[in-house]
Amino acid sequence: MSHTPDESTPGTQSAADAAPSFRSEVTVELVKHSASDSDVLWAARVSTAGEQSLEELQKDPERSKGLINFLMRDRHGSPFEHNSMTFFISAPIFVFREFMRHRVGWSYNEESGRYRQLEPVFYVPGQSRKLVQQGRPGKYEFVEGTPAQHELTTRVMEDSYRQAYAAYQEMLAEGVAREVARAVLPVGLYSSMYATCNARSLMHFLGLRTQHELAKVPSFPQREIEMVGEQMEAHWAKLMPLTYGAFNANGRIAP
């Protein structure tokens with residue numbers, strides 16, 4: 001498995017030669033997978049029918065749809081684990097720190113600031129990002145910021161990033177180890193990782209990290225990790241449409 005960076009992701013030029021650049025989006029690419037609704041059917045039916053061929057599993061589409069919905073509704077979760085999806089994700093470090101709270105059914109490999117000079121790519125909220133939090137914890141909402149607040153946020157963040165990256169470069173130039181110098185860099189720095197999961201673990205992630213009108217249990221994700229979740233969900237929906245449909249039909253609660 002490999003990933004070739006392009007203009008939308010960090011890594012397009014030498015960090016030593018690059019001036020800081022600023023982004024407001026995230027990147028999610030499905031780089032490989034072994035995931036289909038048939039994986040769920042195969043795993044579930046072995047309990048009662050033994051080993052079956054793919055043709056046997058697919059010969060009754062309505063029965064297959066009903067079985068997957070039954071498994072989701074009654075929370076028989078293990079059949080949804082017999083598949084795999086690997087994503088390449090580029091996002092700010094603070095997103096990854098939330099992301100890695102999800103441990104069961106996930107594997108991660110993130111780029112290392114010990115072994116490579118980190119690229120000067122930093123997160124600045126776009127104009128659509130709501131800036132102001134109202135209400136108390138557990139019962140709050142975000143509302144639009146004023147033009148002045150957006151201008152302030154952009155200016156202060158960009159100035160801070162430039163200063164931090166200049167300090168990082170100064171230490172590297174004087175021979176300070178990368179693993180030490182990186183301590184001055186902020187969590188708004190973009191990092192990249194491969195994240196591998198199965199459908200069950202992804203459903204747990206989506207249930208917590210996205211807001212959706214069909215969700216029975218409300219969630220209040222930070223917008224930036226929700227942006228990652230939305231892109232992962234779009235990839236998964238194409239791979240496993242029956243499973244995805246059952247997830248939505250049963251309140252977006254992972255089995």
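The values are calculated or read from the model by the stated rules, or taken from the named source; none is laboratory data. Owing to the predicted nature of the structure, the values given are computational and were not obtained by experimental measurement. Don't worry about glycine lacking a Cβ; one is built from the backbone with ideal geometry, like all the others, and counts go over all protein chains shown.
Contact annotation: residue pairs with Cβ atoms under 6 Å, 6 or more positions apart or on different chains, pairing a residue in region 164-184 that is free of Cβ contacts under 8 Å to residues at least 60 places away in the same chain with a partner that is of a type outside the set (V, I, T) and not in a helix (DSSP H, G or I), are A164/L185; A164/P186; Y168/L185.
Here S47 meets the list (1) modelled with pLDDT under 80; (2) surrounded by 12 or more Cβ atoms within 10 Å (Cβ to Cβ); (3) farther than 26 Å from S128 by Cα; (4) of a type in the set (S, T, N, Q) almost entirely, failing just condition (2). Of all residues in region 203-220, those that are of a type outside the set (D, E, K, R) and more than 20 Å from H235 (Cα to Cα) total 4. Tell me, yes or no, whether region 198-211 has at least one residue that is in contact with an Asp or Glu (Cβ under 7 Å, 6 or more places away or on another chain), hydroxyl-bearing (S, T, Y) and buried (at least 18 other Cβ atoms within 10 Å of the Cβ). Yes, region 198-211 contains a residue that is in contact with an Asp or Glu (Cβ under 7 Å, 6 or more places away or on another chain), hydroxyl-bearing (S, T, Y) and buried (at least 18 other Cβ atoms within 10 Å of the Cβ). Within region 50-87, the set of residues being of a type in the set (D, E, K, R), out of contact with any helix residue (DSSP H, G or I) (no Cβ under 7 Å at 6 or more places or on another chain) and either at pLDDT 95 or above or not in a loop (DSSP other than H, G, I, E, B) (or both) comprises E55, E56, E62, R63, R73, D74, R75.
Report whether or not R223 is crowded, with 16+ Cβ neighbours inside 10 Å and either of a type in the set (K, R) or modelled with pLDDT under 95 (or both). Taking the combined requirement at face value, the residue does not satisfy it.
Okay, residues lined up against (1) touching a helix residue (DSSP H, G or I) at 6+ places or on another chain (Cβ under 6 Å); (2) part of a strand (DSSP E or B); (3) at pLDDT 95 or above:
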position	(1), (2), (3)
E119	no, no, yes
E141	no, yes, no
G145	no, no, no
Y168	yes, no, yes
A181	yes, no, yes
P186	yes, no, yes
S191	yes, yes, yes
R200	yes, no, yes
F205	no, no, yes
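Within region 67-94, being under 18 Å from P255 (Cα atoms) and β-branched (V, I, T) holds for one residue alone: I68.
Scanning region 97-108 for residues that are closer than 26 Å to G77 by Cα and in contact (Cβ under 8 Å) with a residue 24 or more places away in the chain yields E98, F99, H102, V104, G105, W106, S107, Y108.
Scanning region 88-117 for residues that are assigned to a strand (DSSP E or B) and surrounded by fewer than 19 Cβ atoms within 10 Å (Cβ to Cβ) turns up W106, S107, Y108, N109, E110.
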